[in-house]
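Encoded as structure tokens, the structure appears first; notes follow it.
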Amino acid sequence: LQAIQCSLRDLMFSKVDYLTKIFKFCGSRLKKLPPKLEEFVDFCDFIERMKEMTLYINNEIDFIDEMCSLFEGCGFTAAGNIEHVRNPLHASFQAFKKDQNIALTIKDSLYDKFVSKLEELILEKSIKLEKYHQSFKTFPGSLEEVDVDEMLRAAQAIKETIEEMSPEIEELIVSQKILKYENNEFNLFHVVSNDALYQENLFSTIKKWNE
């Protein structure tokens with residue numbers, strides 16, 4: 001019986017310790033003002049994750065309440081704070097929920113500012129992609145009119161530039177989803193990527209044919 005009591009006590013205190021650390025970490029994250037777009041997106045994502053986690057936390061607190069009741073009903077004794085307070089997490093949980101409300105207020109106050117910045121970045125990338133798209137649509141009427149080596153180098157340079165843009169495009173797509181502001185899916189990015197690959201293969205083949 002003593003072994004069971006010790007196991008239950010250790011389980012209860014491990015959960016209390018774990019949730020206490022979560023509340024402390026989340027409290028600092030939820031009240032910190034994000035200075036840049038990337039931090040704001042991460043901040044909004046964190047708010048949503050904590051919202052999803054709240055049910056789990058609530059269930060854990062209920063479980064600890066039941067364990068405290070079990071200790072009391074069976075005449076077990078615990079050590080530390082739980083001897084004096086049935087469950088020390090209720091106050092921390094209320095503080096956590098207040099921190100969530102503070103975070104939502106911060107999000108609302110900064111949302112328009114950072115969405116505007118997101119729009120600027122989307123427009124900047126869209127203009128670049130459209131420029132490349134138009135360049136690929138302009139094709140010589142005859143291969144005798146072009147320098148194949150130059151066309152191949154140009155296609156390879158654009159292809160490399162587009163590949164370097166890929167992480168930024170992906171980040172913009174993810175940012176739009178997190179902020180629930182889906183303005184541009186960047187379908188043109190895939191079109192231009194395929195165009196660049198096609199022209200690189202085309203002029204590589206022509207070059208080999210001419211050699």
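The table below lists the values:
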quantity	calculated
Filter result for the condition that a residue is within 34 Å of the chain's Cα centre (by Cα), open to solvent by less than 80 Å² (accessible area, probe 1.4 Å) and free of Cβ contacts under 8 Å to residues at least 60 places away in the same chain, over Phe13, Phe46, Phe25	Phe46
Positions within region 136-187 being modelled with pLDDT of 85 or more, open to solvent by 40 Å² or more (accessible area, probe 1.4 Å) and hydroxyl-bearing (Ser, Thr, Tyr), in sequence order	Thr161, Ser166, Tyr181
Which numbered condition Pro35 misses (of (1) open to solvent by 60 Å² or more (accessible area, probe 1.4 Å); (2) part of a helix (DSSP H, G or I); (3) not polar (S, T, N, Q))	(2)
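The values are calculated or read from the model by the stated rules, or taken from the named source; none is laboratory data. On a predicted model such as this, the values are computed, not experimentally measured, just so you know. Don't worry about glycine lacking a Cβ; one is built from the backbone with ideal geometry, like all the others, and counts go over all protein chains shown. Each accessible area value is taken on the protein alone, full model and side chains, heavy atoms only, with ligands, DNA and RNA left out. Shrake-Rupley method; radii C 1.70, N 1.55, O 1.52, S 1.80 Å.
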